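The values are calculated or read from the model by the stated rules, or taken from the named source; none is laboratory data. In this text the structure is predicted, and so the values were computed from the model without any measurement. Don't worry about glycine lacking a Cβ; one is built from the backbone with ideal geometry, like all the others, and counts go over all protein chains shown.
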Amino acid sequence: MKKYILFLSLLSVTLVTKAQNDKEPYITKSLSSESIQQVMAQTSGGSITIAGVSTEAKIEVYVNGNNSITGLSREEIKSRLEEYYTLSVSVSNNKLTAIAKQKENNMSWKKSLSISFKIYVPGNVSTDLSTSGGSIRLNDLKGSQSFRTSGGSLHIDNVSGSINGATSGGSIHVSNSNDEIDLTTSGGSIEASKCKGNLKLSTSGGSLHLDDLNGIIDASTSGGRIDGNNITGELSASTSGGSVRLDNIQGSLEASTSGGSMDVAISALGKFVKLHNSGGNINLTLPRDKGLNLKLSGNKIKVDPLNNFSGSTDENNITGTLNGGGTPITVKASSGRVYVTLK
């Protein structure tokens, strides 16, 4: 078994006299002789990037002073790292481990450093990543990905497999990704585009932007609006504090809001449509000439046109079948109007 460990006191690197910055790695280590199947990376004050590549595998370590405007020299960084931090990189049993952490929890912020990892490995790897002070980026990977940050955003592009990520203080951007996707943020918006599979997206403090998704999608926010376009499959979308705008929905839909209006256009029906609004109007567009089972209630109800209908209607409720019955359409606006357009 081949194994190596890099410690700051033993590391031999080319010294550079100019100040460190985000474009210049403090350490670069080739991994071309290793067969990397797993990556575990932890840092307490920087970002983590994992990119699947077909070229040379390597790891780059970037180090910067948190309170420095002009940047720190390599000698200053080396001195702070040796005194205040543990920084190690190792490979064992096809697993790359990169760890950067403070030696003491109560270290002065004036001496603190931002230590980031950029790791380039074959695409078929699994990851276990965590940082308390930066963003996480994953690109061109296949496998099981688990990642957490307390103070940054998540960026995922062209990743497939099991994707499980969370942030307590940033936004989430996921695109061109497939299979099992579970992403959570407590303090930012979520943008998801061109993804396929089982998606679970939740935020406690931001909006949801959904575009070109296919599969079973569960999207929720406690504090923002929901915008969706070109969604196929089954969508569950809910917000406690914003409007809902959904266009070109093809499939089953359940959507709700407690604090805004709803505008929903369905171009192809699935198994059901369920809409609930506690504080605004609902405008729903459905395909014409399809069989529907209608159960609509609100402050005022209108279906245009209401032809070939069998059932009961009044100003606040419509219940019955349209075109002989078919897909159940349940719409409730507790204090607003409901307007259904068939076209």
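Take the conditions closer than 16 Å to Ser261 by Cα and either touching a Pro at 6+ places or on another chain (Cβ under 8 Å) or part of a strand (DSSP E or B) (or both) and apply them to Lys332. Does it pass? Talk me through it step by step, then tell me what you get.
Numbers: closer than 16 Å to Ser261 by Cα: yes; either touching a Pro at 6+ places or on another chain (Cβ under 8 Å) or part of a strand (DSSP E or B) (or both): yes.
Judged against the criteria, Lys332 is a match.
When you check Leu113 against the structure, is it at pLDDT 90 or above and under 27 Å from Ser33 (Cβ atoms), yes or no?
On the way: at pLDDT 90 or above: yes; under 27 Å from Ser33 (Cβ atoms): no.
So Leu113 does not fit the description; no.
Of these, Ile59, Ile77, which one is in contact with a strand residue (DSSP E or B) (Cβ under 7 Å, 6 or more places away or on another chain) and farther than 23 Å from Val159 by Cα? Write out each step before concluding.
Details: Ile59 fails: farther than 23 Å from Val159 by Cα.
That would be Ile77, the only listed residue that is in contact with a strand residue (DSSP E or B) (Cβ under 7 Å, 6 or more places away or on another chain) and farther than 23 Å from Val159 by Cα.
How many residues are at pLDDT 95 or above and among the small types (Gly, Ala, Ser) when one looks only at the stretch 278-307?
Count: 3.
For (1) within 14 Å of Ser207 (Cα to Cα); (2) without any contact (Cβ under 8 Å) to a residue 60 or more places away in the chain; (3) part of a strand (DSSP E or B); (4) of a type in the set (Gly, Ala, Ser), each residue gets a yes or a no:
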position	(1), (2), (3), (4)
Asp140	no, no, yes, no
Arg148	no, yes, yes, no
Gly152	no, no, no, yes
Ile156	no, yes, yes, no
Ser160	no, yes, yes, yes
Gly170	yes, yes, no, yes
His173	yes, yes, yes, no
Thr184	yes, yes, yes, no
Ala192	yes, yes, yes, yes
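Please state which one of Gly215, Gly206 is crowded, with 18+ Cβ neighbours inside 10 Å and either of a type in the set (A, V, I, L, M) or in a strand (DSSP E or B) (or both).
Gly215
May I ask you to list the residues in the stretch 116-134 that are surrounded by fewer than 20 Cβ atoms within 10 Å (Cβ to Cβ), small (Gly, Ala, Ser) and at pLDDT 95 or above?
Gly123, Ser126, Ser130
Quick check on my filter: what residues within the stretch 270-302 are part of a strand (DSSP E or B) and buried (at least 21 other Cβ atoms within 10 Å of the Cβ)?
Just the residues of the stretch 270-302 that are part of a strand (DSSP E or B), to begin with: 270-277, 282-286, 292-297, 300-302.
Passing the criteria: Val273, Leu275, Asn277, Ile282, Leu284, Leu286, Leu292, Leu294, Leu296, Ile301.
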